[in-house]
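Peer 1: Okay, handing you the structure first.
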Amino acid sequence: MNAMTRRIVIGTAAVSMAVSLAACGKAGDDKDSGSGGDSKTIGLLLPENKTTRYETFDRPLIEAKIKALCSDCEVKYNNAAQDTETQKKQFDALVTQGVKVIILDSVDFKATKSWVQQADKKGVKVVAYDRLAEGPISAYVSYDNEKIGRLQGEALVKALGDKAKDSNVVMINGSPTDPNAPFFKKGAHSVLDTQVKKVVYEQDIPDWSPDEANKKMGAAIDSLGKKGFQGVYSANDGMAGGIITALKKQGVKVPVGGQDSELAGLQRILAGDQSFSIYKQIKPQAETTAEIAVDLLKGKKFDSLTNTKVDSLSGEFKATPSKLYDASVVTKDNIASTIIADGVYKASDICTAEFKAACDAAGIK
């Protein structure tokens, strides 16, 4: 599921299932090349490509910052396309190749424990990015995910207005294998359980699948009836798209929220189909992670980059140095002052012909 970006070169990068082989640095100049180590390479493993942020923002931002800090460093990148076994093979391959620092955004956080433990025994440092991984990781960079859930809950209550106390709500939560999803859910529940009438239908959605969210929303309408709920919590924008399609098919119009400020989500907000999203500045998150990875590669301390400690979700691994960023709610009223002002998207990206009238109405030029 959950903080986006100053102006960056935005181009949807093709999903690469092959490891990048761009060679930077001379062969044999690694400090520990005698033991097969690699002091010039950082591994980057991202979890999926259904959510547009990873290929459009996270990957290019991390790669650019690493290059800026270490011009002769190489980034070996892979996307697991939401498959845990694929990601394990990608991770193991990096360790076998002698890569000493891996940035890991896990598909299934529980599965990573044995991988990270084996890597740790070989002196490989792992930075958990966006999602907290199990195991002896060196650092963790993400957001205050429970707070994001509270923001989502509060925004949905606000969208329901003075009818909130009498409103039933459907909750469509994120993937059970994503460690952030329970925090989004917990934060949202902390608000909704006290400020709406009742959560009348709730489902976790494997892989954050918009198609599955669409199906579950259809099932909720069948079960509750078209007037059996007055609002829908969606853990992210991708699923919100599937949910809104299901609602429209049945002629139901209720507030729906999301997360990630995806382009399609922003356009739905302007069109009045989606009530809000959550804006997470990905650039500082990505660049801090890159800085920590380069410091680890060079054997430097990175204390100034982390300001808190986080225990693993199992409680087994304690006090990992961490940096957690804040997020904010995005509505029709502040897209211009947040998303566009920060250069995440240009007005021309959002205001295509279909949405020009909606943009004009919102004062976006």
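The values are calculated or read from the model by the stated rules, or taken from the named source; none is laboratory data. Predicted model only: the values in this text are computed from it and were never measured. Counting neighbours? That spans all protein chains shown, and the Cβs are built from the backbone with ideal geometry, glycine included. Note: accessible area is taken over every heavy atom of the protein model, side chains too, but ligands, DNA and RNA are not part of it. Shrake-Rupley method; radii C 1.70, N 1.55, O 1.52, S 1.80 Å.
Peer 1: Between 105, 72, 92, which is under 18 Å from residue 60 (Cα atoms), surrounded by fewer than 21 Cβ atoms within 10 Å (Cβ to Cβ) and of a type in the set (D, E, K, R)? Please lay out each step first, then the result.
Peer 2: Working: 105 fails: surrounded by fewer than 21 Cβ atoms within 10 Å (Cβ to Cβ); 92 fails: under 18 Å from residue 60 (Cα atoms).
Residue meeting the stated conditions: 72.
Peer 1: Would you check if there is a residue in segment 125-143 being open to solvent by 10 Å² or more (accessible area, probe 1.4 Å), touching a Lys or Arg at 6+ places or on another chain (Cβ under 6 Å) and in a helix (DSSP H, G or I)?
Peer 2: No, the conditions are met nowhere in segment 125-143.
Peer 1: Quick one: how many residues across segment 51-87 are within 15 Å of the chain's Cα centre (by Cα), over 24 Å from residue 205 (Cα atoms) and not charged (D, E, K, R)?
Peer 2: In the first step, residues of segment 51-87 are kept if they are within 15 Å of the chain's Cα centre (by Cα); the result is 51-62, 79-82.
Remaining after also requiring over 24 Å from residue 205 (Cα atoms): 59-62.
The next check asks that each one be not charged (D, E, K, R); those that pass are 60-62.
Residues meeting the conditions: 3.
Peer 1: Given the condition under 30 Å from residue 43 (Cα atoms), crowded, with 21+ Cβ neighbours inside 10 Å and of a type outside the set (A, V, I, L, M, F, W, C), answer yes or no: does some residue in segment 214-234 qualify? Quick ask: steps written out before the conclusion?
Peer 2: Residues of segment 214-234 under 30 Å from residue 43 (Cα atoms): none.
Taking every residue of segment 214-234 in turn, none turns out to be under 30 Å from residue 43 (Cα atoms), crowded, with 21+ Cβ neighbours inside 10 Å and of a type outside the set (A, V, I, L, M, F, W, C).
Peer 1: OK, next. Residue check, residue 163 against (1) surrounded by fewer than 22 Cβ atoms within 10 Å (Cβ to Cβ); (2) touching a helix residue (DSSP H, G or I) at 6+ places or on another chain (Cβ under 7 Å); (3) not small (Gly, Ala, Ser), all met but one. Which one?
Peer 2: (2)
Peer 1: Looking at 193, 211, 207, which is the one that is assigned to a helix (DSSP H, G or I), open to solvent by 30 Å² or more (accessible area, probe 1.4 Å), at pLDDT below 95 and within 30 Å of residue 255 (Cα to Cα)?
Peer 2: Working: 193 fails: at pLDDT below 95; 211 fails: at pLDDT below 95.
One residue alone meets the criteria, 207.
Peer 1: Let me ask something else about it. Would you check which residues across segment 126-141 are among the hydroxyl-bearing types (Ser, Thr, Tyr) and over 18 Å from residue 94 (Cα atoms) and list them? Let's see the steps before the verdict.
Peer 2: Start the filter on segment 126-141 by keeping residues that are among the hydroxyl-bearing types (Ser, Thr, Tyr), which leaves 129, 138, 140.
If the condition is that a residue be among the hydroxyl-bearing types (Ser, Thr, Tyr) and over 18 Å from residue 94 (Cα atoms), then 140 is the only one that fits.
Peer 1: Residue by residue through segment 177-192, note down the ones that are more than 14 Å from the chain's Cα centre (by Cα) and under 25 Å from residue 218 (Cβ atoms). Spell out how you get there, then give the answer.
Peer 2: Let us first name the residues in segment 177-192 that are more than 14 Å from the chain's Cα centre (by Cα), namely 185-192.
Answer for segment 177-192, where residues must be more than 14 Å from the chain's Cα centre (by Cα) and under 25 Å from residue 218 (Cβ atoms): 185, 188, 189, 192.
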